1. Each residue of the stretch 22-30 in turn: what ³J(HN,Hα) in whole Hz from Karplus with 6.51, -1.76, 1.60 and θ = phi - 60°, glycine and Pro shown as x?
2. Excluding same-chain residues fewer than 8 positions from Lys47, which aspartates and glutamates have a Cα within less than 16 Å of its Cα?
3. Just subtract the alpha-carbon distance of Phe52 and Gln17 from 0.36 nm times their residue separation and send over the number in nm, one decimal.
4. Which whole-Hz ³J(HN,Hα) couplings does the stretch 48-56 yield from phi under the Karplus relation 6.51 cos²θ - 1.76 cosθ + 1.60, θ = phi - 60°, glycine and proline marked x?
Amino acid sequence: MWFPVTMQGSQQSHPPQRHYGITSPISLAAPKETHCLLTQKLIETLKPFGVFEEEEKLQIFHNL
């Protein structure tokens, strides 16, 4: 179940944005470059532990 969350008061000069979920997002800002770099480093760190599906398996699931 989702509940639309809208801004009230003086912040409503733009059309209200709808957010789905129980709470509104912490931020609507795009990720900073440092966040993207840290995410890539995390992915590279986790790859040797086999926590990601192989590309072949992903294609099978994608085609279903």
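Nothing in this text is a laboratory measurement; each read-out follows from the coordinates by a stated rule. Fair warning: this is a prediction, and the values are worked out from it, not measured in the lab.
1. In residue order, the calculated couplings are 6, 10, 6, x, 5, 8, 9, 5, 5 Hz.
2. Answer for Lys47, where 16 Å is the Cα cut-off: Glu55, Glu56, listed by chain and number.
3. Extending this stretch completely gives an extra 9.2 nm.
4. Per-residue couplings from phi come out as x, 8, x, 8, 10, 6, 6, 4, 4 Hz.
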